[in-house]
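Read the structure below first, then the notes.
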Amino acid sequence: MYDPTGPEPGPRAGRREWIGLAVLALPTLLVSLDMSVLFLALPQLSEELGAGGNEQLWILDSYGFLVAGFLVTMGTLGDRIGRRRLLLIGASAFAAASVLAAYAPSTELLIAARALLGIAGATLMPSTLALIRNMFHDDRQRGVAIAVWMSCFMAGNTIGPLIGGVLLEWFWWGSVFLLGVPVMVLLVLTAPALLPEHRDPDPGRLDLISVALSLGAILPVVYGLKELATEGWRPGPAAAVVLGVALGWLFVRRQHRLPHPLLDLRLFADRTFRAALGINFLGAVLMSGTFLFIPLYLRLVEGLSPLQAGLWLVPQSLAMIASTQLTPYLAGRFRPAYVMAGALVVAAVGGLLLSQVGPVGGRTLLVVGFLLACVGVAPPSALATGLVVGSAPPGKAGATASVSETSGELGVALGLATLGSLGAAAYRDQLVLPDGVPGRLAETARESLAGAIAASGQLSTGSAAALVDSARGAFTSGLNVVGGVGALLFLALAILAVATLRRVDPTGQSHVDPPQTDSGSDSGEAVRSAPV
(Lines give C-alpha, C1' and ligand atoms only; values in the text may rest on other atoms or scores of the structure.)
Protein backbone atom coordinates (compact mmCIF):
# COMPACT_ATOMS: atom_id res chain seq x y z
CA MET A 1 0.00 0.00 0.00
CA TYR A 2 1.22 3.49 -0.85
CA ASP A 3 1.18 6.22 1.76
CA PRO A 4 0.15 9.38 -0.10
CA THR A 5 2.27 12.41 0.74
CA GLY A 6 1.72 14.37 -2.44
CA PRO A 7 0.33 17.86 -3.01
CA GLU A 8 -2.47 19.29 -0.91
CA PRO A 9 -5.89 18.31 -2.24
CA GLY A 10 -8.14 20.89 -3.83
CA PRO A 11 -11.15 22.42 -2.04
CA ARG A 12 -13.74 19.80 -1.20
CA ALA A 13 -17.18 19.80 -2.76
CA GLY A 14 -20.23 20.48 -0.64
CA ARG A 15 -23.93 19.62 -0.75
CA ARG A 16 -24.65 21.75 -3.78
CA GLU A 17 -22.06 19.98 -5.90
CA TRP A 18 -23.33 16.52 -4.97
CA ILE A 19 -26.92 17.51 -5.75
CA GLY A 20 -25.61 18.97 -9.01
CA LEU A 21 -24.01 15.61 -9.78
CA ALA A 22 -27.44 14.01 -9.51
CA VAL A 23 -28.67 16.51 -12.09
CA LEU A 24 -25.73 15.65 -14.39
CA ALA A 25 -26.59 11.98 -14.07
CA LEU A 26 -29.88 12.57 -15.92
CA PRO A 27 -28.50 13.27 -19.42
CA THR A 28 -25.76 10.67 -18.94
CA LEU A 29 -28.35 8.00 -18.22
CA LEU A 30 -30.51 9.14 -21.09
CA VAL A 31 -27.78 9.15 -23.77
CA SER A 32 -26.88 5.52 -23.12
CA LEU A 33 -30.52 4.51 -22.74
CA ASP A 34 -31.34 6.11 -26.10
CA MET A 35 -28.58 4.05 -27.72
CA SER A 36 -29.96 0.73 -26.46
CA VAL A 37 -33.73 1.18 -26.38
CA LEU A 38 -34.19 1.43 -30.16
CA PHE A 39 -33.18 -2.15 -30.90
CA LEU A 40 -36.46 -3.51 -29.53
CA ALA A 41 -38.57 -0.91 -31.32
CA LEU A 42 -36.88 -1.33 -34.71
CA PRO A 43 -39.05 -4.22 -36.03
CA GLN A 44 -42.29 -2.46 -35.09
CA LEU A 45 -41.38 0.96 -36.47
CA SER A 46 -39.93 -0.63 -39.62
CA GLU A 47 -43.23 -2.39 -40.28
CA GLU A 48 -45.33 0.72 -39.69
CA LEU A 49 -43.06 3.09 -41.64
CA GLY A 50 -42.09 0.58 -44.33
CA ALA A 51 -38.35 0.94 -43.69
CA GLY A 52 -36.11 -1.33 -45.76
CA GLY A 53 -32.89 -2.93 -44.59
CA ASN A 54 -30.67 -0.01 -45.60
CA GLU A 55 -33.05 2.51 -44.03
CA GLN A 56 -33.11 0.49 -40.81
CA LEU A 57 -29.32 0.72 -40.63
CA TRP A 58 -29.47 4.48 -41.04
CA ILE A 59 -32.12 4.74 -38.31
CA LEU A 60 -29.75 2.90 -35.99
CA ASP A 61 -26.43 4.41 -37.06
CA SER A 62 -27.22 8.07 -37.76
CA TYR A 63 -27.39 8.77 -34.02
CA GLY A 64 -24.07 7.14 -33.16
CA PHE A 65 -22.23 8.55 -36.16
CA LEU A 66 -23.15 12.14 -35.36
CA VAL A 67 -22.49 11.75 -31.64
CA ALA A 68 -18.96 10.59 -32.49
CA GLY A 69 -18.45 13.24 -35.16
CA PHE A 70 -19.51 16.24 -33.08
CA LEU A 71 -17.90 15.37 -29.71
CA VAL A 72 -14.69 17.33 -30.32
CA THR A 73 -16.56 20.35 -31.67
CA MET A 74 -19.10 20.42 -28.86
CA GLY A 75 -16.50 19.92 -26.14
CA THR A 76 -14.50 22.87 -27.37
CA LEU A 77 -17.65 24.94 -27.98
CA GLY A 78 -18.58 24.41 -24.33
CA ASP A 79 -15.21 25.82 -23.28
CA ARG A 80 -16.01 28.91 -25.33
CA ILE A 81 -19.67 29.68 -24.58
CA GLY A 82 -19.96 27.99 -21.18
CA ARG A 83 -20.50 24.34 -20.32
CA ARG A 84 -23.78 24.85 -18.51
CA ARG A 85 -25.14 26.96 -21.34
CA LEU A 86 -24.22 24.33 -23.92
CA LEU A 87 -25.74 21.62 -21.72
CA LEU A 88 -29.04 23.53 -21.53
CA ILE A 89 -29.05 24.17 -25.29
CA GLY A 90 -28.30 20.52 -25.98
CA ALA A 91 -30.94 19.29 -23.53
CA SER A 92 -33.60 21.50 -25.11
CA ALA A 93 -32.63 20.34 -28.60
CA PHE A 94 -32.63 16.71 -27.45
CA ALA A 95 -36.17 17.03 -26.08
CA ALA A 96 -37.44 18.66 -29.27
CA ALA A 97 -35.77 16.05 -31.49
CA SER A 98 -37.20 13.27 -29.30
CA VAL A 99 -40.74 14.54 -29.92
CA LEU A 100 -39.97 14.80 -33.64
CA ALA A 101 -38.71 11.20 -33.70
CA ALA A 102 -41.67 9.88 -31.70
CA TYR A 103 -44.21 11.28 -34.14
CA ALA A 104 -42.20 10.93 -37.35
CA PRO A 105 -44.63 10.03 -40.17
CA SER A 106 -41.93 8.71 -42.51
CA THR A 107 -38.61 6.90 -42.45
CA GLU A 108 -36.79 9.90 -43.87
CA LEU A 109 -38.05 12.21 -41.12
CA LEU A 110 -37.16 9.62 -38.46
CA ILE A 111 -33.60 9.37 -39.80
CA ALA A 112 -33.35 13.17 -39.75
CA ALA A 113 -34.67 13.26 -36.18
CA ARG A 114 -32.15 10.61 -35.12
CA ALA A 115 -29.39 12.72 -36.68
CA LEU A 116 -30.55 15.76 -34.69
CA LEU A 117 -30.61 13.60 -31.56
CA GLY A 118 -27.01 12.63 -32.27
CA ILE A 119 -25.86 16.25 -32.60
CA ALA A 120 -27.71 17.18 -29.41
CA GLY A 121 -26.36 14.10 -27.64
CA ALA A 122 -22.82 15.16 -28.50
CA THR A 123 -23.31 18.26 -26.35
CA LEU A 124 -24.34 16.29 -23.27
CA MET A 125 -21.47 13.91 -22.49
CA PRO A 126 -18.52 16.36 -22.70
CA SER A 127 -20.54 19.07 -20.95
CA THR A 128 -21.42 16.84 -17.99
CA LEU A 129 -17.87 15.50 -17.65
CA ALA A 130 -16.37 19.00 -17.96
CA LEU A 131 -18.72 20.33 -15.27
CA ILE A 132 -17.67 17.48 -12.99
CA ARG A 133 -14.06 18.55 -13.54
CA ASN A 134 -14.87 22.08 -12.43
CA MET A 135 -17.24 21.20 -9.59
CA PHE A 136 -15.00 18.63 -7.90
CA HIS A 137 -11.50 20.00 -7.33
CA ASP A 138 -10.52 17.39 -4.78
CA ASP A 139 -9.07 14.46 -6.74
CA ARG A 140 -10.64 11.75 -4.63
CA GLN A 141 -14.07 13.35 -4.67
CA ARG A 142 -13.75 13.80 -8.42
CA GLY A 143 -12.94 10.10 -8.72
CA VAL A 144 -16.14 9.22 -6.86
CA ALA A 145 -18.13 11.65 -9.03
CA ILE A 146 -16.75 10.16 -12.26
CA ALA A 147 -17.51 6.65 -10.98
CA VAL A 148 -21.13 7.71 -10.38
CA TRP A 149 -21.24 9.34 -13.80
CA MET A 150 -19.94 6.19 -15.52
CA SER A 151 -22.30 3.97 -13.52
CA CYS A 152 -25.25 5.98 -14.81
CA PHE A 153 -24.05 5.45 -18.35
CA MET A 154 -23.79 1.70 -17.73
CA ALA A 155 -27.19 1.65 -16.03
CA GLY A 156 -28.77 3.19 -19.12
CA ASN A 157 -27.43 0.35 -21.26
CA THR A 158 -28.78 -2.16 -18.73
CA ILE A 159 -32.29 -0.84 -18.25
CA GLY A 160 -32.80 0.46 -21.78
CA PRO A 161 -34.03 -2.83 -23.27
CA LEU A 162 -36.14 -3.57 -20.19
CA ILE A 163 -37.87 -0.16 -20.23
CA GLY A 164 -38.25 -0.37 -23.98
CA GLY A 165 -39.90 -3.76 -23.69
CA VAL A 166 -42.42 -2.46 -21.15
CA LEU A 167 -43.28 0.59 -23.27
CA LEU A 168 -43.69 -1.44 -26.44
CA GLU A 169 -45.96 -3.85 -24.59
CA TRP A 170 -48.46 -1.04 -23.90
CA PHE A 171 -47.74 1.84 -26.32
CA TRP A 172 -46.66 2.49 -29.91
CA TRP A 173 -43.03 2.49 -31.08
CA GLY A 174 -42.64 6.26 -30.71
CA SER A 175 -43.03 6.02 -26.94
CA VAL A 176 -39.42 4.88 -26.59
CA PHE A 177 -38.28 8.29 -27.83
CA LEU A 178 -40.50 10.23 -25.43
CA LEU A 179 -38.46 8.93 -22.48
CA GLY A 180 -36.08 11.81 -23.04
CA VAL A 181 -38.62 14.61 -22.82
CA PRO A 182 -39.42 14.67 -19.05
CA VAL A 183 -35.75 14.00 -18.22
CA MET A 184 -34.55 16.94 -20.28
CA VAL A 185 -37.32 19.23 -19.00
CA LEU A 186 -36.24 18.43 -15.43
CA LEU A 187 -32.62 19.15 -16.36
CA VAL A 188 -33.47 22.51 -17.92
CA LEU A 189 -35.50 23.53 -14.86
CA THR A 190 -32.95 22.52 -12.21
CA ALA A 191 -29.57 23.11 -13.86
CA PRO A 192 -29.49 26.94 -13.56
CA ALA A 193 -29.90 26.72 -9.78
CA LEU A 194 -27.68 23.71 -9.10
CA LEU A 195 -24.91 23.80 -11.71
CA PRO A 196 -22.19 26.46 -11.90
CA GLU A 197 -21.13 28.06 -15.17
CA HIS A 198 -17.57 27.54 -16.41
CA ARG A 199 -15.74 28.51 -19.56
CA ASP A 200 -12.25 29.11 -20.87
CA PRO A 201 -11.28 32.71 -19.98
CA ASP A 202 -9.32 33.09 -23.25
CA PRO A 203 -10.97 30.80 -25.81
CA GLY A 204 -10.43 32.68 -29.08
CA ARG A 205 -12.64 32.35 -32.15
CA LEU A 206 -14.17 29.05 -33.21
CA ASP A 207 -12.35 27.92 -36.37
CA LEU A 208 -15.00 26.56 -38.74
CA ILE A 209 -12.43 24.95 -41.04
CA SER A 210 -11.18 22.92 -38.09
CA VAL A 211 -14.77 21.93 -37.30
CA ALA A 212 -15.21 20.69 -40.87
CA LEU A 213 -11.90 18.80 -40.77
CA SER A 214 -12.74 17.15 -37.46
CA LEU A 215 -16.07 15.94 -38.84
CA GLY A 216 -14.37 14.83 -42.04
CA ALA A 217 -11.82 12.88 -40.03
CA ILE A 218 -14.06 11.13 -37.50
CA LEU A 219 -17.23 10.37 -39.47
CA PRO A 220 -15.57 8.43 -42.34
CA VAL A 221 -13.38 6.47 -39.94
CA VAL A 222 -16.30 5.42 -37.72
CA TYR A 223 -18.45 4.62 -40.75
CA GLY A 224 -15.70 2.67 -42.50
CA LEU A 225 -14.75 0.62 -39.45
CA LYS A 226 -18.37 -0.30 -38.68
CA GLU A 227 -19.01 -1.30 -42.29
CA LEU A 228 -15.85 -3.40 -42.42
CA ALA A 229 -16.90 -5.08 -39.17
CA THR A 230 -20.38 -6.00 -40.40
CA GLU A 231 -19.89 -6.54 -44.15
CA GLY A 232 -16.25 -7.65 -44.39
CA TRP A 233 -13.61 -6.19 -46.68
CA ARG A 234 -14.96 -3.78 -49.28
CA PRO A 235 -13.13 -0.98 -51.10
CA GLY A 236 -15.69 1.73 -50.23
CA PRO A 237 -15.45 1.50 -46.40
CA ALA A 238 -11.66 1.02 -46.64
CA ALA A 239 -11.40 4.19 -48.72
CA ALA A 240 -13.54 6.00 -46.12
CA VAL A 241 -11.07 5.04 -43.38
CA VAL A 242 -8.12 6.25 -45.49
CA LEU A 243 -9.94 9.53 -46.23
CA GLY A 244 -10.67 10.05 -42.55
CA VAL A 245 -7.05 9.43 -41.57
CA ALA A 246 -5.86 11.89 -44.25
CA LEU A 247 -8.27 14.59 -43.07
CA GLY A 248 -7.22 13.87 -39.49
CA TRP A 249 -3.62 14.57 -40.48
CA LEU A 250 -4.70 17.90 -42.01
CA PHE A 251 -6.67 18.67 -38.85
CA VAL A 252 -3.61 18.10 -36.66
CA ARG A 253 -1.42 20.29 -38.90
CA ARG A 254 -3.95 23.12 -38.77
CA GLN A 255 -4.23 22.94 -34.97
CA HIS A 256 -0.46 23.42 -34.67
CA ARG A 257 -0.68 26.65 -36.67
CA LEU A 258 -3.71 28.27 -35.03
CA PRO A 259 -3.27 30.62 -32.05
CA HIS A 260 -6.62 29.35 -30.67
CA PRO A 261 -7.05 25.80 -32.02
CA LEU A 262 -10.26 23.84 -31.90
CA LEU A 263 -8.31 21.16 -30.04
CA ASP A 264 -5.26 22.23 -28.04
CA LEU A 265 -2.69 19.56 -28.89
CA ARG A 266 -0.51 20.72 -26.00
CA LEU A 267 -2.78 18.57 -23.84
CA PHE A 268 -1.00 15.55 -25.30
CA ALA A 269 2.32 16.76 -23.94
CA ASP A 270 1.28 15.52 -20.51
CA ARG A 271 2.44 11.92 -20.02
CA THR A 272 -0.44 11.05 -17.72
CA PHE A 273 -2.95 12.37 -20.26
CA ARG A 274 -1.43 10.32 -23.10
CA ALA A 275 -1.14 7.11 -21.13
CA ALA A 276 -4.64 7.28 -19.65
CA LEU A 277 -6.16 8.15 -23.02
CA GLY A 278 -4.38 5.21 -24.65
CA ILE A 279 -5.58 2.79 -21.96
CA ASN A 280 -9.13 4.09 -22.31
CA PHE A 281 -8.98 3.64 -26.09
CA LEU A 282 -7.47 0.14 -26.01
CA GLY A 283 -9.88 -0.99 -23.28
CA ALA A 284 -12.80 0.09 -25.49
CA VAL A 285 -11.30 -1.85 -28.41
CA LEU A 286 -11.06 -5.06 -26.40
CA MET A 287 -14.41 -4.81 -24.63
CA SER A 288 -16.49 -3.92 -27.69
CA GLY A 289 -14.88 -6.64 -29.78
CA THR A 290 -15.54 -9.22 -27.06
CA PHE A 291 -19.11 -8.09 -26.36
CA LEU A 292 -19.97 -8.53 -30.04
CA PHE A 293 -19.94 -12.33 -29.67
CA ILE A 294 -21.69 -12.77 -26.32
CA PRO A 295 -25.34 -11.99 -27.24
CA LEU A 296 -24.94 -13.90 -30.52
CA TYR A 297 -23.75 -16.99 -28.65
CA LEU A 298 -26.69 -16.81 -26.26
CA ARG A 299 -29.19 -16.30 -29.09
CA LEU A 300 -27.88 -18.50 -31.90
CA VAL A 301 -25.78 -21.16 -30.18
CA GLU A 302 -27.79 -21.58 -26.97
CA GLY A 303 -31.09 -20.81 -28.71
CA LEU A 304 -32.38 -18.31 -26.13
CA SER A 305 -35.08 -15.74 -26.86
CA PRO A 306 -34.15 -12.04 -26.96
CA LEU A 307 -35.63 -11.50 -23.49
CA GLN A 308 -33.84 -14.53 -22.04
CA ALA A 309 -30.53 -13.45 -23.56
CA GLY A 310 -31.01 -9.94 -22.21
CA LEU A 311 -31.71 -11.23 -18.71
CA TRP A 312 -28.53 -13.34 -18.80
CA LEU A 313 -26.59 -10.15 -19.53
CA VAL A 314 -28.04 -8.15 -16.63
CA PRO A 315 -25.68 -9.63 -13.97
CA GLN A 316 -22.66 -8.56 -16.01
CA SER A 317 -23.95 -5.00 -16.20
CA LEU A 318 -24.64 -4.91 -12.47
CA ALA A 319 -21.18 -6.34 -11.74
CA MET A 320 -19.61 -3.66 -13.91
CA ILE A 321 -21.50 -0.93 -12.05
CA ALA A 322 -20.42 -2.37 -8.68
CA SER A 323 -16.82 -2.58 -9.85
CA THR A 324 -16.95 1.04 -10.98
CA GLN A 325 -18.29 2.16 -7.60
CA LEU A 326 -15.50 0.28 -5.80
CA THR A 327 -12.82 1.93 -7.92
CA PRO A 328 -12.56 5.29 -6.03
CA TYR A 329 -12.02 3.47 -2.73
CA LEU A 330 -9.23 1.34 -4.20
CA ALA A 331 -7.69 4.31 -6.01
CA GLY A 332 -7.61 6.22 -2.73
CA ARG A 333 -5.44 3.52 -1.13
CA PHE A 334 -3.28 2.27 -4.01
CA ARG A 335 -1.64 3.86 -7.02
CA PRO A 336 -4.01 3.96 -10.02
CA ALA A 337 -1.54 1.99 -12.14
CA TYR A 338 -1.74 -0.99 -9.80
CA VAL A 339 -5.52 -0.80 -9.47
CA MET A 340 -5.76 -0.77 -13.28
CA ALA A 341 -3.27 -3.63 -13.65
CA GLY A 342 -5.00 -5.81 -11.08
CA ALA A 343 -8.39 -5.24 -12.70
CA LEU A 344 -7.00 -5.97 -16.16
CA VAL A 345 -5.57 -9.26 -14.91
CA VAL A 346 -9.11 -10.16 -13.79
CA ALA A 347 -10.33 -9.23 -17.27
CA ALA A 348 -7.61 -11.43 -18.77
CA VAL A 349 -8.86 -14.37 -16.69
CA GLY A 350 -12.32 -13.68 -18.09
CA GLY A 351 -10.93 -13.74 -21.63
CA LEU A 352 -9.14 -17.00 -20.88
CA LEU A 353 -12.42 -18.57 -19.74
CA LEU A 354 -14.11 -17.37 -22.93
CA SER A 355 -11.41 -19.11 -24.92
CA GLN A 356 -12.53 -22.41 -23.36
CA VAL A 357 -16.28 -22.13 -24.03
CA GLY A 358 -17.70 -25.04 -26.02
CA PRO A 359 -20.57 -25.13 -28.51
CA VAL A 360 -22.60 -27.40 -26.20
CA GLY A 361 -23.29 -26.56 -22.55
CA GLY A 362 -20.98 -23.55 -22.53
CA ARG A 363 -23.44 -21.00 -21.18
CA THR A 364 -22.20 -21.01 -17.57
CA LEU A 365 -18.55 -20.68 -18.56
CA LEU A 366 -19.45 -17.93 -21.03
CA VAL A 367 -21.40 -15.94 -18.43
CA VAL A 368 -18.67 -16.28 -15.78
CA GLY A 369 -15.93 -15.33 -18.24
CA PHE A 370 -17.82 -12.31 -19.51
CA LEU A 371 -18.69 -11.25 -15.97
CA LEU A 372 -14.98 -11.27 -15.02
CA ALA A 373 -14.14 -9.31 -18.17
CA CYS A 374 -16.78 -6.71 -17.27
CA VAL A 375 -15.59 -6.47 -13.66
CA GLY A 376 -12.00 -6.11 -14.83
CA VAL A 377 -12.50 -3.49 -17.52
CA ALA A 378 -14.57 -1.04 -15.44
CA PRO A 379 -11.86 0.27 -13.03
CA PRO A 380 -9.32 1.09 -15.80
CA SER A 381 -12.02 2.92 -17.74
CA ALA A 382 -13.13 4.97 -14.72
CA LEU A 383 -9.59 5.75 -13.59
CA ALA A 384 -8.39 6.59 -17.08
CA THR A 385 -11.29 9.00 -17.55
CA GLY A 386 -10.50 10.65 -14.23
CA LEU A 387 -6.80 10.96 -15.04
CA VAL A 388 -7.50 12.39 -18.49
CA VAL A 389 -9.90 15.01 -17.14
CA GLY A 390 -7.82 15.78 -14.06
CA SER A 391 -4.54 16.22 -15.94
CA ALA A 392 -5.80 19.17 -18.00
CA PRO A 393 -6.33 22.79 -16.95
CA PRO A 394 -9.90 23.63 -15.85
CA GLY A 395 -10.28 25.99 -18.80
CA LYS A 396 -9.77 23.09 -21.21
CA ALA A 397 -12.12 20.68 -19.42
CA GLY A 398 -14.63 20.56 -22.28
CA ALA A 399 -12.00 19.81 -24.92
CA THR A 400 -10.42 17.22 -22.64
CA ALA A 401 -13.74 15.50 -21.96
CA SER A 402 -14.54 15.41 -25.67
CA VAL A 403 -11.17 13.79 -26.44
CA SER A 404 -11.85 11.16 -23.79
CA GLU A 405 -15.29 10.41 -25.21
CA THR A 406 -14.04 10.39 -28.81
CA SER A 407 -11.29 7.91 -27.96
CA GLY A 408 -13.95 5.61 -26.53
CA GLU A 409 -16.14 5.92 -29.64
CA LEU A 410 -13.21 5.20 -31.95
CA GLY A 411 -12.14 2.32 -29.72
CA VAL A 412 -15.59 0.75 -29.95
CA ALA A 413 -15.62 1.07 -33.76
CA LEU A 414 -12.09 -0.32 -34.10
CA GLY A 415 -12.83 -3.18 -31.71
CA LEU A 416 -15.87 -4.22 -33.71
CA ALA A 417 -13.87 -4.08 -36.93
CA THR A 418 -10.69 -5.86 -35.82
CA LEU A 419 -11.87 -8.47 -33.32
CA GLY A 420 -15.11 -8.92 -35.26
CA SER A 421 -13.11 -9.65 -38.42
CA LEU A 422 -10.83 -11.99 -36.48
CA GLY A 423 -13.77 -13.99 -35.17
CA ALA A 424 -15.39 -14.04 -38.61
CA ALA A 425 -12.18 -15.34 -40.18
CA ALA A 426 -12.00 -18.14 -37.58
CA TYR A 427 -15.64 -18.97 -38.30
CA ARG A 428 -15.05 -19.31 -42.05
CA ASP A 429 -11.90 -21.34 -41.48
CA GLN A 430 -13.61 -23.84 -39.15
CA LEU A 431 -16.94 -24.17 -40.94
CA VAL A 432 -17.42 -27.56 -42.64
CA LEU A 433 -20.28 -27.67 -45.14
CA PRO A 434 -22.18 -30.94 -45.59
CA ASP A 435 -22.09 -32.56 -49.01
CA GLY A 436 -24.64 -31.37 -51.48
CA VAL A 437 -25.17 -27.79 -50.20
CA PRO A 438 -25.91 -25.57 -53.24
CA GLY A 439 -23.41 -22.82 -54.03
CA ARG A 440 -25.77 -19.96 -53.18
CA LEU A 441 -26.68 -21.43 -49.80
CA ALA A 442 -23.05 -22.33 -49.12
CA GLU A 443 -22.04 -18.71 -49.65
CA THR A 444 -24.78 -17.54 -47.28
CA ALA A 445 -23.67 -20.04 -44.65
CA ARG A 446 -20.04 -18.89 -44.88
CA GLU A 447 -21.01 -15.29 -44.13
CA SER A 448 -22.19 -15.81 -40.55
CA LEU A 449 -23.85 -18.17 -38.10
CA ALA A 450 -27.18 -16.40 -38.70
CA GLY A 451 -26.71 -16.99 -42.43
CA ALA A 452 -26.00 -20.68 -41.85
CA ILE A 453 -29.14 -21.08 -39.74
CA ALA A 454 -31.19 -19.32 -42.42
CA ALA A 455 -29.66 -21.52 -45.16
CA SER A 456 -30.40 -24.68 -43.18
CA GLY A 457 -34.11 -24.02 -43.57
CA GLN A 458 -33.80 -24.90 -47.27
CA LEU A 459 -31.95 -28.20 -46.77
CA SER A 460 -33.03 -31.70 -45.89
CA THR A 461 -33.32 -32.56 -42.21
CA GLY A 462 -30.00 -34.38 -41.99
CA SER A 463 -28.03 -31.76 -43.95
CA ALA A 464 -29.67 -28.92 -42.02
CA ALA A 465 -28.74 -30.41 -38.66
CA ALA A 466 -25.17 -31.05 -39.80
CA LEU A 467 -24.80 -27.50 -41.12
CA VAL A 468 -26.19 -25.90 -37.96
CA ASP A 469 -23.97 -28.02 -35.71
CA SER A 470 -20.89 -27.20 -37.77
CA ALA A 471 -21.77 -23.49 -37.88
CA ARG A 472 -22.31 -23.32 -34.12
CA GLY A 473 -18.97 -25.05 -33.54
CA ALA A 474 -17.25 -22.68 -35.99
CA PHE A 475 -18.81 -19.62 -34.35
CA THR A 476 -17.69 -20.86 -30.93
CA SER A 477 -14.17 -21.27 -32.33
CA GLY A 478 -14.28 -17.62 -33.36
CA LEU A 479 -15.40 -16.69 -29.84
CA ASN A 480 -12.53 -18.79 -28.42
CA VAL A 481 -10.00 -17.00 -30.62
CA VAL A 482 -11.30 -13.57 -29.62
CA GLY A 483 -11.30 -14.57 -25.94
CA GLY A 484 -7.72 -15.84 -26.15
CA VAL A 485 -6.48 -12.76 -27.98
CA GLY A 486 -8.37 -10.58 -25.51
CA ALA A 487 -6.71 -12.35 -22.57
CA LEU A 488 -3.24 -11.70 -23.99
CA LEU A 489 -4.02 -8.08 -24.81
CA PHE A 490 -5.58 -7.43 -21.40
CA LEU A 491 -2.34 -8.67 -19.82
CA ALA A 492 -0.33 -6.44 -22.16
CA LEU A 493 -2.54 -3.51 -21.20
CA ALA A 494 -1.92 -4.25 -17.50
CA ILE A 495 1.83 -4.09 -18.12
CA LEU A 496 1.35 -0.84 -20.08
CA ALA A 497 -0.59 0.70 -17.17
CA VAL A 498 2.18 -0.09 -14.69
CA ALA A 499 4.93 1.05 -17.06
CA THR A 500 3.33 4.40 -17.91
CA LEU A 501 1.39 5.37 -14.76
CA ARG A 502 3.34 3.82 -11.89
CA ARG A 503 4.46 7.23 -10.62
CA VAL A 504 0.97 8.65 -10.42
CA ASP A 505 -0.03 8.56 -6.77
CA PRO A 506 -3.52 7.93 -5.39
CA THR A 507 -4.44 11.63 -5.62
CA GLY A 508 -3.88 11.65 -9.37
CA GLN A 509 -0.80 13.90 -9.29
CA SER A 510 2.27 12.67 -11.17
CA HIS A 511 5.75 12.77 -9.70
CA VAL A 512 7.23 12.93 -13.20
CA ASP A 513 5.40 15.68 -15.02
CA PRO A 514 4.62 18.92 -13.19
CA PRO A 515 0.91 19.63 -13.11
CA GLN A 516 -0.27 21.94 -15.86
CA THR A 517 -1.59 25.31 -14.90
CA ASP A 518 -4.16 27.32 -16.69
CA SER A 519 -3.06 30.37 -18.64
CA GLY A 520 -5.72 32.26 -16.79
CA SER A 521 -8.05 31.57 -13.96
CA ASP A 522 -11.66 30.58 -13.90
CA SER A 523 -12.52 34.01 -12.62
CA GLY A 524 -14.56 36.62 -14.36
CA GLU A 525 -17.05 34.72 -16.49
CA ALA A 526 -16.27 31.43 -14.80
CA VAL A 527 -18.36 31.26 -11.66
CA ARG A 528 -17.25 28.68 -9.10
CA SER A 529 -19.86 26.97 -6.97
CA ALA A 530 -19.57 27.46 -3.25
CA PRO A 531 -20.19 24.62 -0.81
CA VAL A 532 -23.59 24.89 0.78
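Mind checking which residues of the stretch 445-471 are in a helix (DSSP H, G or I) and polar (S, T, N, Q)?
Passing the criteria: 456, 461, 463, 470.
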Subject >> Condition broken by residue 368, with the remaining ones in (1) modelled with pLDDT of 90 or more; (2) crowded, with 19+ Cβ neighbours inside 10 Å satisfied >> reply: (2)
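Does the stretch 319-330 contain any residue that is in a helix (DSSP H, G or I) and over 21 Å from the mean Cα position of the chain (by Cα)? Quick ask: steps written out before the conclusion?
The first filter runs over the stretch 319-330 and keeps only residues in a helix (DSSP H, G or I), leaving 319-330.
Next, only the ones that are over 21 Å from the mean Cα position of the chain (by Cα) stay: 329-330.
Within the stretch 319-330, one or more residues are in a helix (DSSP H, G or I) and over 21 Å from the mean Cα position of the chain (by Cα).
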**OP:** Starting from residues that are outside any helix (DSSP H, G or I) and at pLDDT 75 or above, keep the ones in the stretch 385-436 and report whichever is surrounded by the most Cβ atoms within 10 Å (Cβ to Cβ).
**Re:** 431
**OP:** Would you confirm whether any residue within the stretch 290-303 is more than 22 Å from residue 152 (Cα to Cα) and not in a helix (DSSP H, G or I)?
**Re:** yes
Subject >> Where a residue in the stretch 354-376 is closer than 27 Å to residue 327 by Cβ and its partner, wherever it lies, is in a loop (DSSP other than H, G, I, E, B) and of a type in the set (Asp, Glu), with Cβ under 9 Å and at least six apart >> reply: 366/302
Original post:
Considering the stretch 270-296 alone, what residues qualify as being among the aliphatic types (A, V, I, L, M) and under 18 Å from residue 384 (Cβ atoms)?
Top reply: 275, 276, 277, 279, 282, 284, 285, 286, 287
**OP:** Answer yes or no as to whether residue 114 is in contact with a His (Cβ under 9 Å, 6 or more places away or on another chain) and buried (at least 19 other Cβ atoms within 10 Å of the Cβ).
**Re:** no
**OP:** Test residue 247 against the criterion of being among the aliphatic types (A, V, I, L, M), outside the structural domain of residue 358 (by TED's automatic domain parsing) and in contact with a Phe, Trp or Tyr (Cβ under 6 Å, 6 or more places away or on another chain), and give yes or no.
**Re:** no
**OP:** Evaluate the following for residue 282: is it on the phi < 0 side of the Ramachandran plot and surrounded by fewer than 19 Cβ atoms within 10 Å (Cβ to Cβ)?
**Re:** no
Original post:
Filter the stretch 243-273 for residues that are among the aromatic types (Phe, Trp, Tyr) and touching a residue at least 12 places away in the same chain (Cβ under 8 Å); which is nearest to residue 220 (Cα to Cα)?
Top reply: 251
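For every residue, the table says whether it meets (1) touching a residue at least 40 places away in the same chain (Cβ under 8 Å); (2) closer than 17 Å to residue 31 by Cα; (3) small (Gly, Ala, Ser).
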| residue | (1), (2), (3) |
| --- | --- |
| 55 | yes, no, no |
| 59 | yes, yes, no |
| 73 | yes, no, no |
| 77 | yes, no, no |
| 81 | yes, no, no |
| 91 | yes, yes, yes |
| 100 | no, yes, no |
| 109 | no, no, no |
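Residue check: is residue 215 closer than 19 Å to residue 71 by Cβ and either crowded, with 19+ Cβ neighbours inside 10 Å or of a type in the set (A, V, I, L, M, F, W, C) (or both)?
Working: closer than 19 Å to residue 71 by Cβ: yes; either crowded, with 19+ Cβ neighbours inside 10 Å or of a type in the set (A, V, I, L, M, F, W, C) (or both): yes.
Yes; evaluated as a whole, the condition is true for this residue.
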Subject >> All positions within the stretch 307-318 that are out of contact with any Leu (no Cβ under 7 Å at 6 or more places or on another chain) and within 28 Å of residue 68 (Cα to Cα) >> reply: 310, 313, 314, 317, 318
Original post:
Looking at (1) crowded, with 23+ Cβ neighbours inside 10 Å; (2) under 27 Å from residue 384 (Cα atoms); (3) among the small types (Gly, Ala, Ser), can you tell me which one residue 64 breaks?
Top reply: (1)
Subject >> Enumeration of residues in the stretch 248-264 that are crowded, with 19+ Cβ neighbours inside 10 Å and hydrophobic (A, V, I, L, M, F, W, C) >> reply: 251, 262, 263
Subject >> Flag if residue 136 is in contact (Cβ under 8 Å) with a residue 60 or more places away in the chain, within 24 Å of residue 214 (Cβ to Cβ), among the aromatic types (Phe, Trp, Tyr) and crowded, with 20+ Cβ neighbours inside 10 Å >> reply: no
Subject >> Residues of the stretch 164-194 satisfying the condition of being out of contact with any Phe, Trp or Tyr (no Cβ under 9 Å at 6 or more places or on another chain), crowded, with 16+ Cβ neighbours inside 10 Å, farther than 21 Å from residue 47 by Cα and modelled with pLDDT under 80 >> reply: 179, 194
Subject >> Residues of the stretch 257-283 satisfying the condition of being of a type in the set (Val, Ile, Thr) and either over 16 Å from the mean Cα position of the chain (by Cα) or modelled with pLDDT under 85 (or both) >> reply: 272
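The values are calculated or read from the model by the stated rules, or taken from the named source; none is laboratory data. The model shown is predicted, which means the values in this text are computed figures rather than measured ones. Glycine gets a Cβ as well: all are built from the backbone with ideal geometry, and neighbour counts include every protein chain shown.
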